[in-house]
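The next block holds one structure in the form of structure tokens; read it before the comments.
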Amino acid sequence: MDDNQGVTYLADFHLHSSFSDGKLPIPDLVDLFGKQGFGAIAITDHFCEESGVMGRAAHYLGKTLTHETLPAYFELLKSEAERAWDRYRMVVLPGIEITRNSLLDHRSAHILGIGVSAAVSPEQDPLQVARDLRAQGALAIAAHPVWTRKIEKQTFHLWDRREELRTEFDAWEVASGPHLFPEVERSRLPKIASSDLHRPSQLSSWKTVLDCERHPEAILRAVRKQQVDFRFYEAPVAATRPEPALPPKLQLQWTG
């Protein structure tokens, strides 16, 4: 993977597949972004703690990675990264979203690990999670740390500790989906923008713009050095529509 496809390209570093609470299988996610000409993506499925009520619920409902599914997840990400490069010249970075949810917003925190080679325990304090991610060469990203502008559980824990944690994270999400966060934008924290995509209709969103070699190490380095820009991407309508189901008889003919 040493081709340099030149100039600026779009990247989205926060995507969910059917391994956790996303709608699409990983190959379909790769094709969705590859067909739109993206240069890099990170697939970051939830890896939830089991010690809290909401974490246990996520495990019960099958909305999280588990220690049992992680090997298959990483193996599929590896094979899909090879296919994405061969077919689209798009880099696929392996990721996880370390997820600690609480009934109280100020106790909840989500941390993206991008470029991970092994899972990190979500049972730890966020400070240790970030250090463990960076120790393996991955990026530690503070996900949607402020009000997301949506009716949902919020994750304020990292933002409340931002002065303590500012040097422990490689970037903080300045946008999530269609919403730009002025609080993060005004701060002096390092920044990144992504979609937090769970379904194709969320493809239109803020993205990170890169101008570096299409290679995993070059991409991680660009984020660390904040050689990034941000742009709102408006997806073509056709890209956000699911493919129509075939008539049952035709399906039977094709699969027989």
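The values are calculated or read from the model by the stated rules, or taken from the named source; none is laboratory data. Please read these numbers as outputs of a predicted model, since none were measured by experiment. Cβ placement follows ideal geometry from the backbone for every residue including glycine, while neighbour counts extend to all protein chains displayed.
Across the stretch 23-43, not a single residue is classified as part of a helix (DSSP H, G or I) and among the basic types (Lys, Arg). Only residues that are more than 23 Å from Arg231 (Cα to Cα) and either buried (at least 20 other Cβ atoms within 10 Å of the Cβ) or at pLDDT 95 or above (or both) were counted across the stretch 14-55, and they come to 18. Each residue in the stretch 63-73 was checked for being crowded, with 17+ Cβ neighbours inside 10 Å and out of contact with any His (no Cβ under 9 Å at 6 or more places or on another chain), and 1 pass. Selection of helices (runs of 4 or more DSSP H) fully inside the stretch 142-256 by the criterion of at least 3 residues being at pLDDT 95 or above and crowded, with 16+ Cβ neighbours inside 10 Å returns 157-160, 216-224. Restricting the first member to the stretch 94-114 and to residues that are touching a residue at least 24 places away in the same chain (Cβ under 8 Å) and among the charged types (D, E, K, R), and the second to residues that are surrounded by fewer than 23 Cβ atoms within 10 Å (Cβ to Cβ) and part of a strand (DSSP E or B), the beta-carbon pairs closer than 7 Å and six or more apart or on different chains are Glu97/His46. All conditions but one from (1) in contact with a Leu (Cβ under 6 Å, 6 or more places away or on another chain); (2) farther than 16 Å from Ser20 by Cβ; (3) of a type outside the set (A, V, I, L, M) apply to Lys78; the one that does not is (1). Taking each residue of the stretch 50-61 that is without any contact (Cβ under 8 Å) to a residue 12 or more places away in the chain and looking for partners that are surrounded by 13 or more Cβ atoms within 10 Å (Cβ to Cβ) and of a type in the set (Val, Ile, Thr) with beta-carbon atoms closer than 9 Å, six or more apart or interchain, yields His59/Thr66. Among residues of the stretch 22-36 that are of a type in the set (Asp, Glu), those with a beta-carbon under 9 Å from a residue that is assigned to a helix (DSSP H, G or I) and modelled with pLDDT of 95 or more at least six positions away or on a different chain give the pairs Asp28/Pro200; Asp31/Ala84; Asp31/Arg87; Asp31/Tyr88.
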